[in-house]
Amino acid sequence: MNDVAIIGVGLHPFGRFGDKSAIDMAADAVRAALQDAGITWPQVQFGFGGSFEVDNPDAVTSRLGLTGIPFMDVYNGCATAATALQLTAESIRSGQYDIGVAVGMDKHGHGAFTSDPVDYAAPAWYGEIGHFLTTKFFAMKINRYMHDHGISHATLARVAAKGYRNGALNPNAFRRKPIPEEEILASRMLNYPLTQYMFCAPDEGAAAVIMCRADLARQYTDTPIYLRASTLRTRRYGAFEVHASWTSVEQDHAPTVYASRAAYEMAGIGPEDVDVIQLQDTDAGAEVIHMAENGFCEDGEQERLIAEGATEIGGPMPVNTDGGLIANGEPIGASGLRQVHELVLQLRGTAGERQVPGAPRVGYAQLYGAPGTAGVTILSR
Amino acid sequence: MTGTDDVREESTVAQVAFAPGVFTWPSEEPRLIGGRCTECGSVTFPRPPSCARCGATAVDEHLLPRRGTLWTFTTQGFLPKEPYAGGETVETFRPFGIGLVQLGDEVRVESRLTEHDPERLRIGMEVELEIVPFRTDDDGTEVLTFAFAPVHGHGGG
């Protein structure tokens, strides 16, 4: 089995880009990653492309050059990008290829995601009566969590404010204006206790990551970043999950908990070794819950840690240093590769104004989404 | 199923359930129609074609308790996109409550709540099933859905 290194990352900014297609954004992201790796497209031996809106991410090859390589399309809900990343890494780890690209792209319309509930194994009427909404699931989950673990509304506002503040430091972010906590709390209540400014928005963007066999990485870069773990897990019976008309009284952990434990085991490290963190902040409450689900604190400790600034760029456990989903929005296919892009910059020490001090060595990224799938990636210098 | 195919009531306003097989109707004491796995006993809502715990394909119809406690809740503050079929417009939409209701030790079901003011909802409060108007179609037919209502004077801890 080969170790895997990341030698290039590229990003098309996240936001809204008029008539520009997701495929063209993906081509820009791949070109940026090729330039970053110092290689050309014909050197890439295979690729995985992820998207929700684009049926055929493989079309990006027609923008980059039709070299005939195997290019596989994947979709796996909000964990699509983690899936593309993992499959690319596994194809190198297994010895099948030496160098490949994972690329994610999307171009969503305005407003919350929708689909046919029947395709989620929910009854057809589930959407007709107004239950088929991810936002209300996240709201119900954090409301119970706040009740059980003493998390305040003010903490939710602090998390969102941090997202916008970090986004202001990130030239690729969608939301680049800091928003005061009072304004976040006073914005429209979408799903109690979550207000409009506590949610991320579906938007547009693309990201690409070029990986190779770790023993070849120094041919391409002086700063390879090693992929220490990449895991995916789906929900177990007893987990309280999105798009479910019922849940059992008998409770089990969320899929993130299992993906996280498996990733730490694979990497041979623990949460105390992580220097910079990317978490799925579909909403401010999700970031709070995911801090505990990924082992960075006990349930309830977030109230104190966030008040103390622990998750700020200069804090002991910086979370979502590029503004996360709250400031970047969520083009589903690209979102997890944006997380990896940010971690790679942070571990190289090239994140500019938002650089985590102290030369971080280990980065951690978590994705979670419908219908209850989680992905975790651990990187190190 | 439980007599839910014939949902029209003898009254001046035609009332129909939004879908058959979801709750018993018409009924003085309506119940949600769930399922119980014949292999492992797992209780679900609605009755699924197979069991989510063990995968068995024999799941019997099982009527759920009418009363329970509110395990968590939120409010739906914006008009849901299609396939939502409530018939409102952005102008006429009124927020509604939605929660996860624990029914005995059997199952937690997701349901609309009759109350949408978070100040009047409390985790742990006792709630009871009601069949309530969902929308009125152009021909005057009233389409009904299920919802849980706070049981006043019996608030749980």
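The values are calculated or read from the model by the stated rules, or taken from the named source; none is laboratory data. In this text, all values refer to a predicted model and were calculated from it rather than measured experimentally. With ideal geometry, Cβ positions are generated from the backbone for all residues, glycine too; neighbour counts draw on all protein chains shown. When the accessible area is computed, the model is the full protein with side chains, heavy atoms only, and any ligands, DNA or RNA have been set aside. Shrake-Rupley method; radii C 1.70, N 1.55, O 1.52, S 1.80 Å.
For A:G349, the conditions (1) surrounded by fewer than 24 Cβ atoms within 10 Å (Cβ to Cβ); (2) within 21 Å of A:M291 (Cβ to Cβ) all hold with the exception of (2). With respect to the conditions (1) within 10 Å of chain A (Cβ to nearest Cβ); (2) touching a Ser or Thr at 6+ places or on another chain (Cβ under 7 Å), B:A149 lacks only one, and its number is (1). One residue alone among A:E312, A:E293, A:E303, A:E298 is free of Cβ contacts under 8 Å to residues at least 40 places away in the same chain and either open to solvent by 10 Å² or more (accessible area, probe 1.4 Å) or closer than 20 Å to A:M146 by Cβ (or both), and that residue is A:E298. Only residues that are farther than 24 Å from A:A310 by Cα and assigned to a loop (DSSP other than H, G, I, E, B) were counted in segment A:255-289, giving 1.
Restricting segment B:72-89 to residues that are touching a Leu at 6+ places or on another chain (Cβ under 8 Å) and more than 7 Å from every other protein chain (Cβ to nearest Cβ) leaves a set whose member that is surrounded by the most Cβ atoms within 10 Å (Cβ to Cβ) is B:E88. Candidates are the residues of segment B:31-51 that are assigned to a loop (DSSP other than H, G, I, E, B) and surrounded by 20 or more Cβ atoms within 10 Å (Cβ to Cβ); the one that is nearest to the other protein chains (Cβ to nearest Cβ) is B:F45. If you go through segment A:99-143 and keep only what is within 9 Å of another protein chain (Cβ to nearest Cβ) and among the charged types (D, E, K, R), you end up with A:D116, A:E128, A:K136, A:K141. Check segment A:149-166 and report whether any residue there is among the charged types (D, E, K, R), open to solvent by 20 Å² or more (accessible area, probe 1.4 Å) and either in a strand (DSSP E or B) or more than 14 Å from chain B (Cβ to nearest Cβ) (or both). The answer is yes, given that some residue of segment A:149-166 is among the charged types (D, E, K, R), open to solvent by 20 Å² or more (accessible area, probe 1.4 Å) and either in a strand (DSSP E or B) or more than 14 Å from chain B (Cβ to nearest Cβ) (or both).
Open to solvent by 20 Å² or more (accessible area, probe 1.4 Å) and in contact (Cβ under 8 Å) with a residue 24 or more places away in the chain: which single residue out of A:D215, A:D222 fits that description? A:D215 is the lone residue from the list that is open to solvent by 20 Å² or more (accessible area, probe 1.4 Å) and in contact (Cβ under 8 Å) with a residue 24 or more places away in the chain. Residues in segment A:180-203 that are in contact with a His (Cβ under 7 Å, 6 or more places away or on another chain) and in contact (Cβ under 8 Å) with a residue 40 or more places away in the chain were compared, and the one that is nearest to the other protein chains (Cβ to nearest Cβ) is A:P193. Of all residues in segment B:94-151, those that are out of contact with any His (no Cβ under 9 Å at 6 or more places or on another chain), of a type in the set (D, E) and open to solvent by less than 20 Å² (accessible area, probe 1.4 Å) total 0.
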